[in-house]
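Working notes, beginning with the structure itself.
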Amino acid sequence: MNTSHHVIVAGAGPVGLLLACELALAGCSVLTLEKAEDPHSPLKQLPFGIRGLSAPSIEVLHRRGLLDQMEVPKRLQNPFTGKRTRQAGHFAGIPFEFDNIDMSRWPTDLPLSLLSEMAELEAVLTRRALELGVEIRRGAGITGFEQDSDGVTVYAAGQSARAGWLVGCDGGRSVVRKQGGFEFAGTEPEFTGYSAKVDFLDADLLAPGRVVTERGMYFQSQPGYLNLQDFDDGAFHQTGAPVTREHLQAVLRRISGIEVTIAALHVATTWTDRARQATQYRNGRILLAGDAAHIHAPLGGQGLNLGIGDAMNLGWKLAATIHGEAPADLLDSYHAERHTIGAKVLDWSRAQVAVMRPTPEGRALNAIFRDLMNTRDGATYFAGRVWGVDELTG
Ligand SMILES: Cc1cc2nc3c(=O)[nH]c(=O)nc-3n(C[C@H](O)[C@H](O)[C@H](O)COP(=O)(O)OP(=O)(O)OC[C@H]3O[C@@H](n4cnc5c(N)ncnc54)[C@H](O)[C@@H]3O)c2cc1C
């Protein structure tokens, strides 16, 4: 079947959905092709699906009338009306406290940070996209495409579709990036990260909170919900092997130094701190946004926020270009502006890995950062960076 749209968006993750909404809001016809048949996944639901929203993302969702539609941020306390002694965030697993932060620097009526759930965010964005007339086809993973001077022909699940532009929002393993002639430059991983739901025989053997040991990090966010970082140069993740109960238990015992027993494993996924970024976000009529354009460790939670910023920057510029209302170089300013911010976020994640390294140097750095983050200036600096308030205040 051949169809013609202004834009085909690859991927109905949060970034693809928000971009589709922005384009449709600006009068563009949008077809979204999504590989997954079913949008639901336990990994998108709490607690695995928890995603910290920073100040610029909160402002975007508020401006588009979407923040009020989200229940999870209301349920998971507003840090600014909740207890002031709570941990405000972390850098490399080192907490910084609300009590230490000079909030007077950022006068705003909106919260500067909120907790959201991936499943709910996608559901809210999907609903808005459909209201705005975006066509979403699921079970339609893009397998290839060709661009010419007028547009792009895209092949997905035995169908082809035609549009003026193709935007790859198809995540870290983006087919659009890999087949679109984009260079993906950066650094290789130092660890495999694990997120898992398990039953312990003896959970109370593990210390509460985020524990950085001489061999890595473990964190039980709720009973049975486990996060690990194993400094194996990303070797396990790269094998693509499924996480078994025996493997996870062995890794946890090695990292924690505790003979804890995992009785059952319900769900598990792995990730790494590989940090790579497309050196160009545009190749002719093909563009990249979100994890398709940049990947890094999820430490401190910045990837989604970065992608939301990409979608907001690209949406109006691409729409204005399509409607013939933009100067010739407007679209290229998308790369210039967003690549710079992306590079900063990648470095933020690399710095955290350096401070978490289970080496004498890493431990020495960790102790210094811990001292700095306990000061008012230190906590305020880290809050400003993690919440993205730098971007609001310039
Ligand atoms: C454990 C963990 C915790 C995190 N915590 C935070 C946090 O607190 N804050 C934060 O800002 N970020 C966080 N992140 C990062 C954040 O989840 C990602 O940056 C964000 O999901 C990127 O959104 P996206 O839409 O670009 O990509 P994705 O969410 O990966 O969506 C891509 C979509 O494209 C689809 N797709 C893939 N291939 C194709 C294809 N060939 N054709 C069509 N569709 C395709 C996929 O099915 C998917 O639906 C975390 C990540 C992890 C792993």
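The values are calculated or read from the model by the stated rules, or taken from the named source; none is laboratory data. Predicted model, so just to flag it, every value in this text is computed and none were measured. In this analysis, Cβ positions are derived from the backbone assuming ideal geometry, glycine residues included, and neighbour counts consider all displayed protein chains. Ligands, DNA and RNA are stripped out before the accessible areas are found, and what is left, the full protein with its side chains, is counted by its heavy atoms. Shrake-Rupley method; radii C 1.70, N 1.55, O 1.52, S 1.80 Å.
What the table shows:
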| item | result |
| --- | --- |
| Backbone HN-Hα couplings from phi across the range 205-219 [Karplus 6.51/-1.76/1.60, Hz, Gly and Pro as x] | 5, 7, 5, x, x, 8, 10, 9, 10, 6, 10, x, 9, 10, 8 |
| Across LYS178/LYS317; LYS74/LYS178; LYS44/LYS344, pairs whose alpha-carbon gap is larger than 29 Å | LYS74/LYS178 |
| Rounded to whole Hz, the Karplus (6.51, -1.76, 1.60) HN-Hα couplings of the range 274-288, x for glycine and proline | 3, 10, 9, 9, 4, 6, 9, 8, 9, 10, x, 9, 10, 10, 10 |
| Built amide H within the under 5 Å cut-off of LEU53, gap 5+ | LEU114, LEU115, SER116 |
| Alpha carbon centroid spacing (whole Å) that separates the range 327-394 from the range 1-68 | 25 Å |
| Probe 1.4 Å, protein heavy atoms only - accessible area per residue of the chain in square angstrom | 43 Å² |
| Reachable aspartates and glutamates from LYS35, criterion Cα separation under 12 angstrom, eight or more residues apart if same chain | ASP170 |
| Sequence of LYS178, LYS44 from largest to smallest accessible area, 1.4 Å probe | LYS178, LYS44 |
| Estimated [θ] at 222 nm from DSSP helical runs (n ≥ 4, -39500 (n - 2.57)) normalised by residues in the chain, nearest 500 | -10500 deg cm²/dmol |
| Solvent-accessible ranking of MET356, MET118, largest area first, probe 1.4 Å | MET118, MET356 |
| Spatial extent of the range 101-200: Rg and Dmax, with the Cα atoms as the point set, Å | 19.9, 59 |
| Accessible surface of the range 130-169, 1.4 Å probe, proportion on carbon and sulfur as whole % | 46 percent |
| The range 192-272 - Rg over Rh from alpha carbon coordinates, Kirkwood radius | 0.92 |
| Rounded to the nearest 10 Å², the accessible area of THR192 at probe 1.4 Å | 0 Å² |
| ³J(HN,Hα), Karplus 6.51/-1.76/1.60, whole Hz, each residue of the range 53-61, x for Gly, Pro | 9, 8, 4, x, 5, 4, 5, 4, 5 |
| Under 5 Å, built H, 5+ apart or other chain: amide partners of THR261 | LEU201, ASP202 |
| TRP165, TRP271, reordered so the largest accessible area comes first (probe 1.4 Å) | TRP271, TRP165 |
| The range 192-272: relative contact order in percent, alpha carbon pairs under 8 Å with at least 6 residues between | 47 percent |
| Accessible-area value, HIS339, 1.4 Å probe, nucleic acids and ligands omitted, Å² | 50 Å² |
| Hydrodynamic radius by Kirkwood, which averages 1/r over all alpha carbon pairs of the chain, in angstrom | 22.0 Å |
| Pair THR269, ILE368: separation of 7 Å Cα→Cβ label points (nm) | 3.5 nm |
| ASP233 accessible area, assembled protein chains, probe 1.4 Å, Å² | 100 Å² |
| Carbon + sulfur, % of accessible area of the range 192-272 - ligands and nucleic acids excluded, 1.4 Å | 51 percent |
